[in-house]
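The block underneath contains the structure these notes are about, expressed in structure tokens.
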Amino acid sequence: MAGQTTKGKGMITEEENYKTSNNPLAVESWDSYIGQEKVKERLQVKIKAAMERYEQMDAALILGQSGTGKSSIARLIADEHAVPFIDLMITPNFSISALNNILVQFDEDGGGIVFLDEIHNFSKKDQHYLYSILEDNCITYGAKHSGKRHYFVNAVTIIAATTDENLLTKALRGRFGAPYRLGAYSDKEMGQIVERMAIKMGFTPTIEECIALGQAAAGSPRQAGDLIKTARDLGSMAIEPILELAEITRDGLTVDHIAILDSIFNLGGITGLENITNHSGRAKDDIVDLEKLLVRKGFIEMTGKGRALTGRGVKALREARLKK
Ligand SMILES: Nc1ncnc2c1ncn2[C@@H]1O[C@H](COP(=O)(O)OP(=O)(O)OP(=O)(O)O)[C@@H](O)[C@H]1O
Ligand SMILES: [Mg+2]
């Protein structure tokens, strides 16, 4: 699909858009975005239809675990439209009035695509203020702002992403229409992601290297990127030195995963989240995120009495300790 629209004074070319990303491993086209075929297909139909109407696509919500390609896909959407793109990381301190000011300015500059990353960090009360943006193409200021409204003059499309859809109100989720859910990457796709990244870094990787590093990336393209950047630093695709320097096991466990296994082991092999938090020194939210991989790999099991270390988990812990 060719991406060129007329957008008034805010228009920038696709080339200029790429320059806003200084990530050497950034995905630069739909073809180099591996996997997620259904999501890509749906988005391409939406974008094509919108562009044929000389419009931008409707708001979209992208769901996916951390490091699985949400920001990359938002950037591809903007590149396809060839319109300006702003990437806003919503933190718990990000106020809705700050967002309003940014959006008014963005609209006055010609509009484009606004990416609201980690949108669940808006409080439930603040999520309410997003309804009118999604539904009526305008910003409603709260009582403090004397009920003012700003209607967008230009096209402003909100693309939102979250790792935790449960923190979004049902009403907000519903206003985005059917979400774009990024699924798990297969081993083959992870190998292809590693291959593409390695080639970008000037390597000619073997199939074995792609498979091994793909596995060590544990379903996270971001982790694959970390491994390939380590390969660049070492000047070699040799697997063991990369894993050692990156402090990642063949199964994709990081030092934080090992710390959780270690805590459960030291706390008697079965224990609750609170105890693991205190023992490992890791934040509770991080543990909940990290243990997903441990469960997936069969290293721990969720039981009525807490998190239980399995035989495979003990083996993985022993191997990680031997490497130290
Ligand atoms: N499907 C994919 N194909 C190839 N490379 C990918 C893919 N998805 C992500 N990547 C690579 O992984 C990196 C991380 O992806 P991205 O930043 O888009 O993930 P994210 O879901 O936004 O992460 P976070 O939740 O941390 O914000 C990208 O810079 C890109 O190099
Ligand atoms: Mg992101």
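The values are calculated or read from the model by the stated rules, or taken from the named source; none is laboratory data. Computed from a predicted model, the values in this text were never measured in an experiment. Glycine also receives a Cβ, built like all others from the backbone with ideal geometry; neighbour counts cover every protein chain displayed. What goes into the accessible areas is simple: the full protein's heavy atoms, side chains included, and nothing from ligands, DNA or RNA. Shrake-Rupley method; radii C 1.70, N 1.55, O 1.52, S 1.80 Å.
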Response to the item:
Just one listed residue, out of D126, D164, is open to solvent by less than 70 Å² (accessible area, probe 1.4 Å), among the acidic types (D, E) and under 30 Å from E247 (Cα atoms), and it is D164
Fill in: Looking only at segment 167-197, and only at residues there that are among the charged types (D, E, K, R) and over 24 Å from Q223 (Cα atoms), the one that is surrounded by the most Cβ atoms within 10 Å (Cβ to Cβ)
R175
Discussion item. Quick test of your reading of the structure: G313 fulfils all but one of (1) buried (at least 19 other Cβ atoms within 10 Å of the Cβ); (2) in the same structural domain as S220 (by TED's automatic domain parsing). Name the failing condition by number.
Written reply: (2)
Discussion item. Looking at segment 91-120 only, could you name the residues that are open to solvent by 50 Å² or more (accessible area, probe 1.4 Å) and either within 16 Å of ligand 2 (Cβ to nearest atom) or in contact (Cβ under 8 Å) with a residue 40 or more places away in the chain (or both)?
Written reply: T91, E108, D109
Discussion item. Being free of Cβ contacts under 8 Å to residues at least 12 places away in the same chain, polar (S, T, N, Q) and either open to solvent by less than 30 Å² (accessible area, probe 1.4 Å) or over 30 Å from S123 (Cβ atoms) (or both): is that true of T204 here?
Written reply: yes
Discussion item. Among the residues of segment 82-90, are any open to solvent by less than 40 Å² (accessible area, probe 1.4 Å), in contact with a helix residue (DSSP H, G or I) (Cβ under 6 Å, 6 or more places away or on another chain) and in a strand (DSSP E or B)?
Written reply: yes
Worksheet, complete the sentence: Within segment 24-49, residues being aliphatic (A, V, I, L, M) and either outside the structural domain of A160 (by TED's automatic domain parsing) or in contact with a Ser or Thr (Cβ under 9 Å, 6 or more places away or on another chain) (or both) number 2
Item to complete: Among the residues of segment 187-219, write down those that are closer than 18 Å to S66 by Cα, near ligand 1 (Cβ under 10 Å from one of its atoms) and either among the hydrophobic types (A, V, I, L, M, F, W, C) or modelled with pLDDT under 95 (or both).
Response: M190, I193, V194, A217
Worksheet item: Does E319 meet the test of being modelled with pLDDT under 95 and under 26 Å from E189 (Cα atoms)?
Response: no
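To keep it simple, each residue is scored yes or no on (1) in contact (Cβ under 8 Å) with a residue 40 or more places away in the chain; (2) buried (at least 18 other Cβ atoms within 10 Å of the Cβ); (3) not in a helix (DSSP H, G or I).
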site	(1), (2), (3)
I199	no, no, no
C210	no, yes, no
L213	no, yes, no
G225	yes, yes, no
E244	yes, no, no
L261	yes, yes, no
D285	no, no, no
Worksheet item: Given segment 134-179, what strands (runs of 3 or more DSSP E) lie entirely inside it while holding 2 or more residues that are at pLDDT 90 or above, touching a Gly at 6+ places or on another chain (Cβ under 7 Å) and hydroxyl-bearing (S, T, Y)?
Response: none
